[in-house]
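Each remark here refers to the structure printed beneath this line.
Just so you know, all these numbers are worked out from the coordinates, no wet-lab data involved. Because the structure is predicted, anything quoted here is derived from the model rather than measured. No Cβ is skipped: glycine too gets one built from the backbone with ideal geometry, and neighbour counts run over all protein chains shown.
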Amino acid sequence: MTAAGDLTTREAAILLGVHTRTITTYADSGRLPHSKLPSGHRRFKRVDVEALRDRGATGDGLVPIWCADRDHGLIVFALPGSRAYCARCKSWFVSEPAPEPAA
Ligand SMILES: [Zn+2]
């Protein structure tokens, strides 16, 4: 049941200029509406992805900060350029850069 024009996680990530993990986080946190195929892959409607992009990727100008350790995953959503502390590996990590504005 995939309508023509639906986007994969990777396509949505390219459109928003973020990591595919960020798209997964947006989807799981309810920031980005999506459907799931029987295979478990997510599909996004282009209009939903573009709406999120137009709101500044997260709607509040925040970007995710990830721990370098995959198992620790997302630390927090914060302003671009800010840092977050991972208590589990006792290290600081910086946010992803803000998505480039569309030319
Ligand atoms: Zn960590």
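Here are a few things to note about the model shown:
- Once the C-beta distance of LYS36 and LEU79 is scaled by a Förster radius of 25 Å, the resulting FRET efficiency is 0.20 to the nearest 0.05.
- Taking 7 Å steps out from each Cα toward its Cβ at ALA68 and SER91 produces label points 0.3 nm apart.
- From the C-alpha gyration tensor of region 9-94, square roots of 5λ in Å: 24, 16, 9
- Residues with amide H under 5 Å from that of LEU32, placed H, sequence gap 5 or more: ALA27
- Sorted by Cβ neighbour density within 10 Å, fewest at the top, the residues PHE77, PHE44: PHE77, PHE44
- Sequentially through region 20-32, phi angles give Karplus couplings (6.51, -1.76, 1.60; θ = phi - 60°) of 4, 4, 5, 4, 4, 5, 4, 5, 5, 8, x, 6, 10 Hz, Gly and Pro residues having no value and appearing as x.
- Translational diffusion of region 1-55, µm² s⁻¹ [Kirkwood Rh, Cα pairs; Stokes-Einstein; 4 °C; 1.567 mPa s]: 118
- The string of couplings for region 76-82 from the Karplus curve (6.51, -1.76, 1.60, θ = phi - 60°) is 6, 8, 8, 5, x, x, 8 Hz, one whole number per residue in order, with x for Gly and Pro.
- Residues LEU7, LEU37 arranged by fewest to most Cβ contacts within 10 Å: LEU37, LEU7
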